[in-house]
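Chemist: Before we start, here is the structure in question, set down as structure tokens.
The values are calculated or read from the model by the stated rules, or taken from the named source; none is laboratory data. Treat the numbers as computed from the prediction; the structure is a model and nothing was measured. Here the Cβ positions follow ideal geometry from the backbone for every residue, glycine too, while neighbour counts run over all protein chains shown. Note: accessible area is taken over every heavy atom of the protein model, side chains too, but ligands, DNA and RNA are not part of it. Shrake-Rupley method; radii C 1.70, N 1.55, O 1.52, S 1.80 Å.
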Amino acid sequence: MGLIVHKYGGTSVGTVERIQSVARRVAKWKSAGHQVVVVVSAMSGETNRLIGLAKQIQAEPDARELDVIASTGEQVTIGLLAMALLQLGLKAKSYTGPQVRILTDDAFTKARILSIDESHMRADLDAGTVVVVAGFQGTDDAGNITTLGRGGSDTSAVALAAALKADECLIYTDVDGVYTTDPRVVPEARRLRTVTFEEMLEMASLGSKVLQIRSVEFAGKYKVPLRVLSSMTDPDIPLAEEAASGTLITFEEDQKMEQAIISGIAFNRDEAKITVTGVPDRPGIAYAILGPVSDANIDVDMIIQNTGAQGMTDFSFTVHRGEYQKALEVLNTQVKAHIKASDISGDNRVCKVSMVGVGMRTHAGIAAKMFRTLAEEGINIQMISTSEIKIAVVVDEKYMELAVRALHRAFELEQPN
Ligand code: ADP
Ligand code: ASP
Ligand code: MG
């Protein structure tokens, strides 16, 4: 008998029937003797709809008010799920993030969780009640509603699991686990039975949206046992079968020796590249360019500076596509004249394709094989960045799917390892 946190994403609660199916699944876990906390997202499409409404009034919505609006989607689902559970004869209570005191900082639309008061939830659980909590939201210490960034319900669930010292956090979604790459892009993608936290962190940060990156960071930090599995199966399948399904996120030391070299391919279309040409090659130039960008709260990802010829050099970096125009404006108004750059140019039709695997540490030649595969497809690599367990390239976005499929094939990721 344990304490289990379930999380159901938008598609999993997308209709009344799906919510009733979630209730049956939760009832199965409850009747096996577990205490259950359920975190839910808004019904699919609802958060986009709410943000769309806000943008009809303000093209750049006020962040505090946007959170007031965007957080309401989850409030509907918690009420509906609690009712569906009551209908099945269970005890259930719904709570918004602020009601269970999910305390965050005040960075509206991308707040970070600081603490959770689990005492009320524990009292409910001890009384046999299923606790249903709205994902994606919290409150700052002044009582403002905050949200945790898109996909943030994953983080709510893992943070609750950490606070409650849950035995397991189960992320139910519309695929049956973490795959070698997005199965919607590569139908031959293979489900991984396990993936390490390190690999999952890289995959999430490089664009695999199956788990929000902060949820993986939390799980790693607090050692929360985390599993990704399907909400689309018959809710009445045997509990033991369900509990062993999907993908378990493991710590590396748990891994067996026959670890695959490459675990997965991630990709991200939300990229834009900016190049500052003809800048003097001298100390302080990176700071002169990126300081103002950082002051404007724009995150920079890959950075490349060429070796200078005749004392001049070019400097390129990538930013999130949504911040591309803002970054260009900062450079044109605050940087260009100051450092006497000859030009500032950009391309917001690029994407990033990355290969991830802890086996790269011990195997040479992965990068060369990746570059050869892309060359054979006629795909030009614009930027490269590597770490111990990943190689990422920036390419023209029109080649994204071709690149992912070619790499998946070349590294035989569809084959069981
Ligand atoms: P939820 O609404 O349940 O949070 P998301 O849409 O956020 O679901 O995440 C699940 C989706 O992530 C899948 O439908 C799939 O298209 C996508 N995805 C991207 N990369 C992967 C991957 N490596 N493995 C599995 N799913 C992936
Ligand atoms: N509803 C929020 C979103 O669409 C949070 C989530 O689903 O995780 O981003
Ligand atoms: Mg999600």
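Chemist: Go through segment 75-89 and report how many residues are open to solvent by 30 Å² or more (accessible area, probe 1.4 Å) and touching a helix residue (DSSP H, G or I) at 6+ places or on another chain (Cβ under 6 Å).
Modeler: Summing the residues that are open to solvent by 30 Å² or more (accessible area, probe 1.4 Å) and touching a helix residue (DSSP H, G or I) at 6+ places or on another chain (Cβ under 6 Å) in segment 75-89 gives 2.
Chemist: Related question: Among the residues of segment 119-150, which ones are over 20 Å from G79 (Cα atoms) and part of a loop (DSSP other than H, G, I, E, B)?
Modeler: Result: D140, D141, A142, G143, N144, L148, G149, R150.
Chemist: Would you mention how many residues in segment 18-49 are within 16 Å of ligand 3 (Cβ to nearest atom) and not hydroxyl-bearing (S, T, Y)?
Modeler: 10
Okay, residues lined up against (1) out of contact with any Gly (no Cβ under 9 Å at 6 or more places or on another chain); (2) within 16 Å of ligand 1 (Cβ to nearest atom); (3) more than 22 Å from H34 (Cβ to Cβ):
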site	(1), (2), (3)
P98	no, no, yes
L114	no, no, yes
H120	yes, no, no
V133	no, yes, no
D154	no, yes, no
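Chemist: Exactly one of (1) surrounded by fewer than 22 Cβ atoms within 10 Å (Cβ to Cβ); (2) within 16 Å of ligand 3 (Cβ to nearest atom); (3) hydroxyl-bearing (S, T, Y) is unmet by S119. Its number?
Modeler: (2)
Chemist: All but one of (1) of a type in the set (A, V, I, L, M); (2) within 23 Å of L148 (Cβ to Cβ); (3) without any contact (Cβ under 8 Å) to a residue 60 or more places away in the chain hold for A70; which doesn't?
Modeler: That leaves (3) as the condition not met.
Chemist: Additional query: Any idea how many residues of segment 193-203 are surrounded by fewer than 24 Cβ atoms within 10 Å (Cβ to Cβ) and touching a residue at least 40 places away in the same chain (Cβ under 8 Å)?
Modeler: Residues that pass the stated criteria total 5.
Chemist: Tally up the residues in segment 164-190 that are open to solvent by 20 Å² or more (accessible area, probe 1.4 Å) and more than 8 Å from ligand 1 (Cβ to nearest atom), please.
Modeler: Looking only at that region, the number is 7.
Chemist: Moving on. D343 passes all but one of (1) exposed (fewer than 12 other Cβ atoms within 10 Å of the Cβ); (2) among the charged types (D, E, K, R); (3) closer than 29 Å to K209 by Cβ; which number fails?
Modeler: (3)
Chemist: Turning to a different aspect of this structure: Go through segment 137-152 residue by residue and tally those that are under 23 Å from N48 (Cβ atoms) and either in contact with a Lys or Arg (Cβ under 6 Å, 6 or more places away or on another chain) or open to solvent by 10 Å² or more (accessible area, probe 1.4 Å) (or both).
Modeler: Count: 5.
Every residue, every condition in (1) open to solvent by less than 30 Å² (accessible area, probe 1.4 Å); (2) modelled with pLDDT of 95 or more, yes or no:
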site	(1), (2)
F371	no, yes
G378	no, yes
V394	yes, yes
A406	yes, yes
P416	no, no
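Chemist: For segment 200-309, list the strands (runs of 3 or more DSSP E) that sit wholly inside it and hold at least 2 residues that are within 22 Å of L148 (Cα to Cα); which are they?
Modeler: By residue number, 226-230, 264-280, 300-305.
Chemist: Is it fair to say S245 is open to solvent by 20 Å² or more (accessible area, probe 1.4 Å), within 13 Å of ligand 1 (Cβ to nearest atom) and among the polar types (S, T, N, Q)?
Modeler: no
Chemist: Something else about it: From the set of residues in segment 18-55 that are in contact with a Gly (Cβ under 9 Å, 6 or more places away or on another chain) and β-branched (V, I, T), which is surrounded by the fewest Cβ atoms within 10 Å (Cβ to Cβ)?
Modeler: T47
Chemist: Being at pLDDT 95 or above, among the small types (G, A, S), under 27 Å from D141 (Cα atoms) and within 16 Å of ligand 1 (Cβ to nearest atom) narrows it down to one of S12, S21, S41, S94, so name that one.
Modeler: Just a single option satisfies the conditions, and that option is S41.
Chemist: Yes or no: F218 aromatic (F, W, Y) and either more than 16 Å from ligand 1 (Cβ to nearest atom) or open to solvent by 30 Å² or more (accessible area, probe 1.4 Å) (or both)?
Modeler: yes
Chemist: Considering each of T15, T72 in turn, give the residue that is open to solvent by 50 Å² or more (accessible area, probe 1.4 Å), under 23 Å from D176 (Cα atoms), among the hydroxyl-bearing types (S, T, Y) and away from ligand 3 (no atom under 16 Å from the Cβ).
Modeler: Testing whether each residue is open to solvent by 50 Å² or more (accessible area, probe 1.4 Å), under 23 Å from D176 (Cα atoms), among the hydroxyl-bearing types (S, T, Y) and away from ligand 3 (no atom under 16 Å from the Cβ) leaves just T15.
Chemist: So T104 ticks every box in (1) under 29 Å from the mean Cα position of the chain (by Cα); (2) open to solvent by 30 Å² or more (accessible area, probe 1.4 Å) but one. Which box is left unticked?
Modeler: Tallying (1) under 29 Å from the mean Cα position of the chain (by Cα); (2) open to solvent by 30 Å² or more (accessible area, probe 1.4 Å), T104 fails exactly one: (2).
Chemist: Still on this structure, please answer the following. Criterion first (touching a residue at least 24 places away in the same chain (Cβ under 8 Å) and in contact with a Lys or Arg (Cβ under 6 Å, 6 or more places away or on another chain)) does I113 satisfy it?
Modeler: no
Chemist: Something else: Which residue pairs have Cβ atoms under 6 Å apart, sit 6 or more places apart or on different chains, and have a first residue in segment 321-343 that is part of a helix (DSSP H, G or I) and a second that is open to solvent by 70 Å² or more (accessible area, probe 1.4 Å) and not hydroxyl-bearing (S, T, Y)?
Modeler: Listed by first residue and then by second, the contacts come to R321/D270.
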